[in-house]
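Written below as structure tokens is the structure these notes are about.
The values are calculated or read from the model by the stated rules, or taken from the named source; none is laboratory data. Not measured: the values here are computed from a predicted model. Cβ sites come from the backbone with ideal geometry, for glycine too, and all protein chains shown count toward neighbours. Each accessible area value is taken on the protein alone, full model and side chains, heavy atoms only, with ligands, DNA and RNA left out. Shrake-Rupley method; radii C 1.70, N 1.55, O 1.52, S 1.80 Å.
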Amino acid sequence: MPFRTPPGAPRDLLSLIDAELRDRIEEAVDHGCLEAMVSARRHSGAPLPKADDVRDREEFTATVRALLERLRDEIPADTDEAARVAPTMDTRADEEWRLLVVQIARAKALPDYWQRFDAVRARFTTEYVASGGARRGVLGRLFGRT
């Protein structure tokens with residue numbers, strides 16, 4: 001009996017696992033970044049982020065990249081990661097995609113990945129709130145403001 005998959009989903013089990021992991025990691029990163037932004041705004045008394053605000057979308061995008069970089073730096077790779085990730089890495093892909101592929105490989109390799117993820121996300125949120133959010137943090141550094 002063939003393995004049942006939703007329409008449009010990968011047909012083989014390994015591809016299905018990769019797709020599910022990618023979706024879970026993307027959702028967890030998005031949720032973590034939105035939580036950090038909302039907490040920072042509440043802490044400073046600033047208006048909450050709005051999906052249709054261009055500056056809020058830019059801040060969100062910068063925050064996603066910052067969290068992915070933090071995850072890459074703080075969740076150590078196992079010794080075989082480079083061999084598993086290199087064949088799946090598209091050299092034309094953007095940096096966020098490359099950072100996400102690294103997290104997929106680590107989630108598959110590390111049995112305690114999600115505990116590590118949550119610990120990094122919690123530290124990231126705490127530091128993000130303490131810094132006043134991306135407007136004074138990530139975006140300020142990108143545009144040379146302090």
I'd like to verify a number: residues in the stretch 61-90 that are open to solvent by less than 70 Å² (accessible area, probe 1.4 Å), modelled with pLDDT of 80 or more and not in a helix (DSSP H, G or I), how many? 2
Go through the stretch 27-55 and count every residue that is surrounded by fewer than 18 Cβ atoms within 10 Å (Cβ to Cβ) and not basic (Lys, Arg). 17
Identify, by number, the condition in (1) over 15 Å from the mean Cα position of the chain (by Cα); (2) at pLDDT 95 or above; (3) among the hydrophobic types (A, V, I, L, M, F, W, C); (4) open to solvent by 60 Å² or more (accessible area, probe 1.4 Å) that ILE17 doesn't meet. (2)
Taking into account only those residues within the stretch 125-146 that are open to solvent by less than 20 Å² (accessible area, probe 1.4 Å) and at pLDDT 90 or above, which is farthest from the chain's Cα centre (by Cα)? TYR128
Restricting to the stretch 91-108, give me the number of residues that are of a type in the set (A, V, I, L, M, F, W, C) and loosely packed, with under 15 Cβ neighbours inside 10 Å. 2
The one condition PRO10 fails out of (1) modelled with pLDDT of 95 or more; (2) touching an Asp or Glu at 6+ places or on another chain (Cβ under 9 Å) is (1)
Taking only pairs six or more apart or across chains, which ones have beta-carbon atoms under 7 Å, a first residue in the stretch 31-51 that is closer than 16 Å to ALA62 by Cβ, and a second residue that is surrounded by 16 or more Cβ atoms within 10 Å (Cβ to Cβ) and among the small types (Gly, Ala, Ser)? MET37/GLY133; ALA40/GLY133; ARG41/GLY133
